Amino acid sequence: MSAQAGDGPRVTRSGFVALAGRPNVGKSTLVNHVLGRKVAIVSDRPQTTRRAIRGTLTSDTCQLVLVDLPGVQRPRDALTTRMARRVQLELEGSDAVLLILNGAQGVGPGDRFIARALAGAEAAVTIAVNKIDRLSRAATLTALEQAAELELEADVFPVSARTGEGVEKLVEHLSSLLPEGPFMFDEQDTSQQPLELLLAELVREAVIKRTFQELPHAVEVLIEEVESPREGLSRVRALIWVESESQKGIVLGAHGRMIKAIGTAARRELERELGEKVYLELSVRVRRNWRADEGLLDRLGIT
């Protein structure tokens, strides 16, 4: 249908919104809820997110690119140094910043440190108080008051990334902060990360969830090969890195039971992502002090 007389060109907005916050405040859960699909793995363990993960939400007039960042923390090795540097670069290059707080824990020293760092940012800052589904009304009001007292000129939104409460209003607000401009990505794309990286992250998520406290920081996954031997089937070969023989034993488990459980769970997620049957081959290799290995971090795409 042709445009009616007097109708001007469609005005669109597009831009990047960086998600800042302490580890384990719910950044990845929020990104996944907004996009309606898993683009970032989720765990209750800190350091789960190691890269800047971009997810895109496109409407008729706006393309909002959410950048899920590693939690802000003190660098301790080459891995966490790179993570901290990536956070800084993404914050500097974003059109807006969303500071996410864990409402169930209240505002702490780490939140205040991040808020002070954002106070001088050129981009507009918004605060989301997350996990209000765990709070009473009185506790929610207290958390909102604490957020408003941070040294930031920022609107504050109560949300639950898990249930979706308050998320729609937050997205509308973030979209209004973006500059006018054309869309940067295909309107059908919701994830801006390579397929191999997403598959590797899904395998790592399965490892983290099943090794509890022992391994979350010591595990990384590399997809060595993805092939399609026939229609409706993908063959994925993944390598799990650990830092010691004892950690390798934990991943394998007695009589191979743990690696089998990891493979079953990971294959289910890979099949959901690829939309077809997956044959998943897992191997475990020891690479001592890999978190300090600059060459391996380059190979893993952690820059």
Using eta = 1.002 mPa s and T = 20 °C, Stokes-Einstein with Kirkwood Rh from Cα pairs puts D for segment 60-142, in µm² s⁻¹, at 148 µm²/s
Before rounding to the nearest 500, sum -39500 (n - 2.57) across all DSSP H runs of length at least 4 in the chain and divide by the residue total; then give [θ] at 222 nm in deg cm²/dmol.
-> -10500 deg cm²/dmol
Take every Cα-Cα distance within segment 202-286, group them into 10 Å bins from 0 onward, and report for each bin the whole-number percent of pairs it holds.
-> 18, 53, 24, 5
At 0.36 nm per residue, minus the direct Cα-Cα distance, what do Asp133 and Lys248 gain on full extension? Give it in nm, one decimal, please.
-> 37.6 nm
Given N residues in segment 254-303, what is Rg(Cα) / (2.2 N^0.38 Å)?
-> 1.49
Taking a quarter of the surface of the convex hull around the Cα atoms of segment 111-247, what do you get in nm²?
-> 13.5 nm²
Taking R0 as 41 Å, what's the FRET efficiency between Glu225 and Arg112 from their Cβ-Cβ distance, rounded to 0.05?
-> 0.35
Could you calculate the contour length gain from Glu196 to Ala148, that is, 0.36 nm times the residue separation minus the distance between their Cα atoms, to one decimal place in nm?
-> 13.2 nm
Chain lengthening between Gln105 and Glu165 when straightened (0.36 nm per residue, less Cα-Cα) | 19.8 nm
Distance from segment 8-24 to segment 249-276 (C-alpha centre basis), Å = 35 Å
Normalised contact order of the chain, rounded percent, pairs of Cα under 8 Å and 6 or more residues apart | 18 percent
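Where a number appears in this text, it was derived from the coordinates with a stated rule and is not lab data. Quick caveat, the model's predicted, so the values are computed rather than measured. Note that we place each Cβ from the backbone using ideal geometry, even for glycine, and neighbour counts take in every protein chain shown.
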